[in-house]
Amino acid sequence: MSGHNKWSSIKHKKGAADAKRGALFSRVSKEIIQAAREGGKDPDLNARLRAAIAAAKAANMPNDNIDRAIKKGTGELGGAIPEEFTYEGYAAGGVSVIVNCMSDNKNRCASDIRNFFTRHNCKMAGSGAVSYKFARKARFVVEGDWADEDKLMELLMDAELDDIQVDDGTAEITAAPGSFAKILGIFEANGIVATESTLAMIPDSTTAVTDLKTAQQVQKFIDAVEEYDDCQAVYHDMELSDEVAEQLAAEDEE
């Protein structure tokens with residue numbers, strides 16, 4: 001998920017802790033397949049594939065699984081290759097949402113996503129209805145000693161940065177999509193392992209949510225869709241007040 005407030009960091013850490021091994025492997029495998037299909041099987045020439053492989057290794061995915069995913073993406077193994085699909089709509093409070101999926105069954109995937117919207121009292125919209133509010137960006141998440149704004153600014157000064165947000169030991173870096181390979185290379189050269197490295201949809205502006213009930217409704221929808229096997233990512237423009245973010249965080253700790 002994407003956002004630029006305290007809740008982003010909270011959810012990032014919670015998601016990393018709660019990730020189910022099988023679901024995580026499936027998601028990473030699909031990213032490897034898509035990256036290999038679009039840019040070829042050589043990670044030295046394919047930054048997206050290199051990032052996907054790094055994510056797979058961070059998840060302790062066996063090398064055999066990684067190799068199979070690459071070969072499936074390049075067509076060496078045959079069989080159906082999952083395609084990317086994007087769905088748009090509105091959650092509670094008018095929050096804009098984009099759901100990215102990867103599936104080998106378009107009709108089933110579309111039906112399932114439609115049901116998620118319906119069950120959570122959200123409104124599905126046509127292509128382009130909310131995506132114009134978002135921009136495709138290179139996005140990285142870094143934790144630990146390198147989650148320092150000054151250090152990252154100095155390291156990435158020539159990388160067309162858009163923003164660096166640091167909160168509680170976690171840094172979120174966004175940059176022009178064309179800078180993805182460059183930033184990834186800089187991190188690799190300096191021994192920095194990004195917790196996340198992807199091309200994401202980042203909102204140009206946000207929808208303020210100051211009501212706990214509305215925030216809960218939006219988050220339940222996001223959580224449900226993120227658990228769906230064919231979902232790769234959910235993006236939104238929700239901006240929580242500090243008070244509501246803290247209330248949601250307290251609920252998760254109970």
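Computed from the coordinates by the stated procedures, all read-outs in this text should not be read as laboratory data. Please read all numbers here as calculations on a predicted model, not as lab measurements. Note that each Cβ is placed from the backbone with ideal geometry, even for glycine, and that neighbours are counted across all protein chains shown.
Observations on the structure shown:
- Integer Hz, Karplus 6.51/-1.76/1.60 couplings in order for segment 138-146, x for Gly and Pro: 6, 10, 10, 10, 10, 10, x, 4, 7
- Relative contact order [Cα under 8 Å, 6+ residues apart], the chain, whole percent: 25
- Over 23 Å (Cα to Cα) - which of K151/K182; K72/K220; K71/K182; K30/K71; K106/K133 fall in this group: K72/K220; K71/K182; K106/K133
- Calculated [θ] (222 nm, deg cm²/dmol) that DSSP helices of n ≥ 4 give over the chain, each run adding -39,500 (n - 2.57): -14000 deg cm²/dmol
- Shape class for segment 130-220, computed from the alpha carbon gyration tensor (a ≥ b ≥ c): prolate, with a/c not under 1.5 and a/b above b/c.
- Antiparallel bridges, percent of DSSP beta bridges restricted to the chain (to nearest 5): 90
- When you count the other C-beta atoms within 10 angstrom of each residue and take the mean per peptide, 224-231, 133-140, 243-250 line up highest first as 133-140, 224-231, 243-250.
- Column: log10 I(q)/I(0), Debye, Cα scatterers of the chain, q = 0.10, 0.17 Å⁻¹: -0.49, -1.47
- Shape call, segment 69-187: gyration tensor on alpha carbons, a/c limit 1.5: oblate
- Chain lengthening between A58 and E227 when straightened (0.36 nm per residue, less Cα-Cα): 58.9 nm
- Placing unit charges on each Cβ (+1 for Lys and Arg, -1 for Asp and Glu) gives the chain a dipole about its Cα centre, and among A55, A171, N105 the Cα reaching farthest toward its positive end belongs to N105.
- For the pair segment 109-165 / segment 27-97, the C-alpha centres are spaced 17 Å from each other.
- Helical segments meeting 24 Å axial Cα length and Kyte-Doolittle -0.5 threshold in the chain (DSSP H): 21-39
- Close amide H partners of A208, meaning residues 5 or more places away or on another chain with modelled amide H under 5 Å apart, are E239.
- Taking amide hydrogens as placed 1.01 Å from N in the peptide plane, the amide H of F85 sits under 5 Å from those of C101, M102, S103, each at least 5 positions away in sequence or on another chain.
- Over segment 78-153, relative contact order from alpha-carbon pairs under 8 Å, at least 6 apart, %: 31
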